Amino acid sequence: MSAIRKIKNQEFLGIISLVLALFLSLTASQAMAQDDANTFSKDVPEQTMTFPTVNPYTKGSGSMTIVFTGVFHATKPAEITGSELSRITGRQKGTFTFVPDDSSQPTISGRFHFSLTGTPQPHSDALNFAFRMDGLAPDGSLVTFVQTERAVVSEAGIDISFGKTEPAQ
């Protein structure tokens, strides 16, 4: 009877060893997949962009000129699946000037500086976000705009565009 028990114990230990080996193998392959993640940075040299927009407070049309610089960092898994997403972080700083089409309206200028973190949609390198810009009107009154931005970040480069200018909430 003890010989049969000894054989069963050895079979049990063999099964446990096999399960443990499979678990360690899966854990190691997941760790290797994380090591295969593609991490890169893209500097944004100083750029100037001017685009038409509307002052969200006066509803007057005009043009916004933004001078900015920054850096973006991105991490993407080696193979993107529906459940794995890229991670993008970064910093930007700069100045802005809103010049109204109606010369009787005030020109507003100021600065901005911010950090960002975001996760784009699967299979996309685009990150949409908004940031605050604090400025002054000629009479000294503080005006804060919220500016939307789209950054497309990839190993090949970075493409930045600005969207709607909104009032601060």
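Counting every C-alpha pair in the range 89-143, the share spaced more than 17 angstrom apart comes to 53%. When only the Cβ of Lys, Arg, Asp and Glu is charged (+1, +1, -1, -1), the dipole of the range 50-169 relative to its Cα centre reaches about 220 debye. Scaled against the 2.2 N^0.38 Å expected of a compact globular protein of N residues, the Cα radius of gyration of the range 114-169 reads 1.41. Can you compute the FRET efficiency between Lys59 and Ser103 using 1/(1 + (r/R0)^6), with r the Cβ-Cβ distance and R0 = 25 Å? Round to the nearest 0.05. Step by step, r from the Cβ atoms, then E = 0.95. Rg over Rh for the range 40-169 works out to 1.04, using Cα positions for both radii and the Kirkwood form for Rh. Our estimate of slack between Asp159 and Ala126, defined as 0.36 nm per intervening residue step minus the Cα-Cα distance, is 11.0 nm.
A short reminder: the numbers here are calculations on the coordinates, not readings from a lab. Computed from a predicted model, the values in this text were never measured in an experiment. Ideal geometry is used to build each Cβ from the backbone, glycine not excepted, and the neighbour counts take in all protein chains shown.
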